[in-house]
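Beneath this line is the structure, given in structure tokens, with notes to follow.
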Amino acid sequence: MKLLLTSLILITLSVIADQGSKIWVRINVNPYESSTLLPNLLELTHVQNKGVSFSFLGNIADSMRVPLLIVISLLAMALLTYYWWRQRHQLNALSHLAFQLILGGAIGNLIDRTLFGAVTDFLHFRFYSISFFVNNLADILISAGVVIYLLGMLQASNRQRES
């Protein structure tokens, strides 16, 4: 019960932070407007991503793309939650944190897709003239969750070898 409550709190806080940042950007930054945050590394750039990572599937008609991405997102979240809950007794704290971050980020992007048909992205990562990607807090939560999960698996593997 404690894990469930803690998880719900962290997931909720992640969604609130993600949605709050996106609302701020939609209100205060015009689409495609850029401001330097860290010279040659990070810009605040408001874009609406109709697809998924790197705008994949973004050119499909809204009538097909939006329902497809919502269904895929819901299915992925359901499978992830099922796996996490089934394995919860075998997972370490890092792995639990990872699932919470991933689900919080996934919910944040799902809200955007459902309400707006696109995800608000605004963190433009670059290295001087090389542009990498524009993403949002939800994307960072998902990426951090994956890295933390891998660290948790590495930690568990090391503990097994030591015993």
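If you filter the stretch 108-152 down to residues that are touching a Ser or Thr at 6+ places or on another chain (Cβ under 7 Å) and aliphatic (A, V, I, L, M), you find that the one that is nearest to MET64 (Cα to Cα) is LEU110.
For (1) in contact with a Leu (Cβ under 7 Å, 6 or more places away or on another chain); (2) modelled with pLDDT under 95; (3) among the hydroxyl-bearing types (Ser, Thr, Tyr); (4) closer than 18 Å to SER7 by Cβ, each residue gets a yes or a no:
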| residue | (1), (2), (3), (4) |
| --- | --- |
| LEU79 | no, no, no, yes |
| TRP85 | no, yes, no, yes |
| GLN90 | no, yes, no, yes |
| ILE102 | yes, no, no, yes |
| GLY105 | yes, no, no, yes |
| ASP112 | no, no, no, no |
| ALA118 | no, yes, no, no |
| TYR128 | no, yes, yes, no |
| SER143 | no, no, yes, no |
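Selection of the stretch 5-55 for residues being of a type outside the set (A, V, I, L, M) and in a loop (DSSP other than H, G, I, E, B) yields ASN30, TYR32, GLU33, PRO39, ASN40, LYS50, GLY51.
Could you check how many residues of the stretch 90-142 are without any contact (Cβ under 8 Å) to a residue 12 or more places away in the chain and outside any helix (DSSP H, G or I)?
At the first step, the residues of the stretch 90-142 found to be without any contact (Cβ under 8 Å) to a residue 12 or more places away in the chain are 90, 115, 129-132.
Imposing the further condition that a residue be outside any helix (DSSP H, G or I) reduces the set to 90, 129-132.
Summing the residues that are without any contact (Cβ under 8 Å) to a residue 12 or more places away in the chain and outside any helix (DSSP H, G or I) in the stretch 90-142 gives 5.
Condition test on TRP84, is it in a helix (DSSP H, G or I), more than 29 Å from GLY152 (Cα to Cα) and of a type in the set (Phe, Trp, Tyr)? Spelling it out, it is not the case that TRP84 is in a helix (DSSP H, G or I), more than 29 Å from GLY152 (Cα to Cα) and of a type in the set (Phe, Trp, Tyr).
All told, LEU103 meets the bar of being out of contact with any strand residue (DSSP E or B) (no Cβ under 9 Å at 6 or more places or on another chain), closer than 19 Å to ASN135 by Cα and surrounded by 14 or more Cβ atoms within 10 Å (Cβ to Cβ). Restricting VAL134, VAL71 to those that are modelled with pLDDT under 95, aliphatic (A, V, I, L, M) and surrounded by 19 or more Cβ atoms within 10 Å (Cβ to Cβ) reduces the list to VAL134. Of note, VAL52 satisfies the criterion of being surrounded by 12 or more Cβ atoms within 10 Å (Cβ to Cβ) and at pLDDT below 90.
The values are calculated or read from the model by the stated rules, or taken from the named source; none is laboratory data. From a predicted model like this one, the values you see are computed outputs, not experimental measurements. All Cβ positions, even for glycine, are placed from backbone atoms using ideal geometry, and neighbour counts span all protein chains on display.
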